[in-house]
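Before any comments, here is the structure.
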Amino acid sequence: MKKCFTITALRTTQDFQGYQNLLKDGIYSAIEVFFPDSEEDRDVYQKNVLKLLSAFPGLEVIMHLPFGPNNDLCNDEGLLSTIQKMKAGMDFAAKFAVKKLTLHLGYVKKDRPRAEYILRATAIMKDLCDYADGLGMTVMIENMPTEKELGCNPEEIFEIIRRTGKPNLKFIFDIGHAHVAPFADLSYLSILKDFLCHLHLSDNHGVHDEHRGLGSGTINFPAFFFKLREIGYDQTFCLEILHKNEADLRSFAAAFDRLAAL
């Protein structure tokens, strides 16, 4: 199983040095990177990621595109700027030969029908997928934990992918988000299995997204891994768990291996 870990934009050069040990020991074979906000941070981050790629040329790199309230694809205000930032993130990802891009759709308002948001997202995704296709990349919609966000419902994601009709629009499943959302955890895999090409793994207690280590919350991971085997999933498993250092990432990988073997 191809294990991956996240490297947020706040990680230091010293952190990156510790990551080299994990890759050298073969514990992980992929990383998920981010798009730092400031140009100065971007330059340092880019140098550190490229250094990893130079040392480990077979390393797979996935990019998490900008997200959060300031990068909201559902908000009319500043939408053009947000779309441009997404495309700038893709250009940044191209420096690392990224093929897969994680994307959050944004936040909905109660006084506006969700069907309108689905139509709006479809038009936006056509544009973003065309841009990504020019760079040889796939865009992956991530399921979200609350109904305040578009893509909480697996049927919504399916409908957006169907309406967009782009072969490079896929799905990334976050089990932590699913465990908080008001839908059965594995329903996303049943509905969206044909589009699944990446995973975010963490644990929580079903109330909010805690990004805990696997086995420290209430997610049924044996059932999850059984479902993955049933649908024939064979791509990346990204441990999106809050970590302090290299030792944490080693212990998280060991917990993953134990649960995956059950």
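The values are calculated or read from the model by the stated rules, or taken from the named source; none is laboratory data. For clarity, every value in this text was computed on a predicted model and none was experimentally measured. FYI the Cβ positions are ideal-geometry reconstructions off the backbone, even for glycines, and counts take in every protein chain you see.
Taking into account only those residues within the stretch 125-149 that are assigned to a helix (DSSP H, G or I) and hydrophobic (A, V, I, L, M, F, W, C), which is nearest to MET86 (Cα to Cα)? Step through it out loud before you land on a result.
So in the stretch 125-149, the residues assigned to a helix (DSSP H, G or I) come out as 125-134.
From what's left, hydrophobic (A, V, I, L, M, F, W, C): 125, 128-129, 132.
Numbers: MET125: 11, LEU128: 8, CYS129: 11, ALA132: 10 Å.
Of everything passing the filter in the stretch 125-149, LEU128 is nearest to MET86 (Cα to Cα).
Do we have any residue at all in the stretch 144-156 that's more than 27 Å from PHE226 (Cα to Cα), surrounded by 20 or more Cβ atoms within 10 Å (Cβ to Cβ) and touching a Phe, Trp or Tyr at 6+ places or on another chain (Cβ under 6 Å)?
yes
For the stretch 36-79, name all the residues that are more than 19 Å from the chain's Cα centre (by Cα), in a helix (DSSP H, G or I) and more than 26 Å from GLN235 (Cβ to Cβ).
GLU39, GLU40, ASP41, ARG42, ASP43, VAL44, LYS47, LEU79
Just to be sure, is PRO167 part of a loop (DSSP other than H, G, I, E, B) and either under 17 Å from the mean Cα position of the chain (by Cα) or within 21 Å of CYS238 (Cα to Cα) (or both)? Explain how you work it out, then say what you get.
Working: part of a loop (DSSP other than H, G, I, E, B): yes; either under 17 Å from the mean Cα position of the chain (by Cα) or within 21 Å of CYS238 (Cα to Cα) (or both): no.
So PRO167 does not fit the description; no.
Would you check if ASP15 is of a type in the set (D, E, K, R), out of contact with any helix residue (DSSP H, G or I) (no Cβ under 9 Å at 6 or more places or on another chain), modelled with pLDDT of 95 or more and assigned to a helix (DSSP H, G or I)?
Considered against the rule, which asks whether it is of a type in the set (D, E, K, R), out of contact with any helix residue (DSSP H, G or I) (no Cβ under 9 Å at 6 or more places or on another chain), modelled with pLDDT of 95 or more and assigned to a helix (DSSP H, G or I), ASP15 comes out as no.
From the list THR102, THR82, THR122, which residue is among the polar types (S, T, N, Q), in a strand (DSSP E or B) and at negative phi?
THR102
Residues checked against (1) surrounded by 13 or more Cβ atoms within 10 Å (Cβ to Cβ); (2) in a loop (DSSP other than H, G, I, E, B); (3) under 18 Å from the mean Cα position of the chain (by Cα):
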| site | (1), (2), (3) |
| --- | --- |
| ASP209 | yes, yes, yes |
| ILE219 | yes, yes, no |
| PRO222 | no, no, no |
| LEU228 | yes, no, yes |
| ILE241 | yes, yes, yes |
| ASP248 | yes, no, no |
| PHE252 | yes, no, yes |
| PHE256 | yes, no, yes |
| LEU262 | no, yes, no |
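Restricting the search to the stretch 170-197, which residues are surrounded by fewer than 22 Cβ atoms within 10 Å (Cβ to Cβ), under 17 Å from the mean Cα position of the chain (by Cα) and among the aromatic types (Phe, Trp, Tyr)?
Within the stretch 170-197, just PHE195 meets the criteria.
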